[in-house]
Amino acid sequence: MNSFINIFILALSFVALSEALNCNVLNSLPGMFTQQCPGQVNQCMKFVCKTNGGQNIVKGCNDPGDLRTSCTALQQNCQSQGGQGQCYTCSYEYCNESPRTGIFILSIFALVTSYLLL
């Protein structure tokens, strides 16, 4: 009975760990492409700031407590540079990805599934 309880607790810990949202990242951190959001954050975001010099895109977890990825802070920063900002948010795994990344992941999934079925 004790081993059943231990296995049950271990299984619950994996479920709890997997509930954190994962988002794609695009910012000034080199080599960082995905991020597991803090427990209180339940949205990914993509922020686009358009200025006369072009546009700047930031992606990550929409964390109001993090000035680097808070839509509100990014909007204020964009406006202070004379730009027009738009924040897009979503609430499922890697939902702020680029279309090319989505096609790549879907292709790998199809290949692995095909291999497993053979």
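The values are calculated or read from the model by the stated rules, or taken from the named source; none is laboratory data. The structure displayed is predicted, hence computed values, not measured ones. Positions of Cβ are backbone-derived with ideal geometry, glycine not excepted, and every protein chain shown enters the neighbour counts.
If you scan segment 79-97, which residues turn out to be free of Cβ contacts under 8 Å to residues at least 40 places away in the same chain and assigned to a strand (DSSP E or B)?
Gln84, Gly85, Gln86
Give Gln55, Gln76 a once-over and let me know the one that is in a strand (DSSP E or B) and over 15 Å from the mean Cα position of the chain (by Cα).
Details: Gln76 fails: in a strand (DSSP E or B).
Answer to the selection: Gln55.
I'd like to verify a number: residues in segment 47-104 that are at pLDDT below 90, under 12 Å from Cys23 (Cα atoms) and exposed (fewer than 15 other Cβ atoms within 10 Å of the Cβ), how many?
The number of residues fulfilling the criteria is 1.
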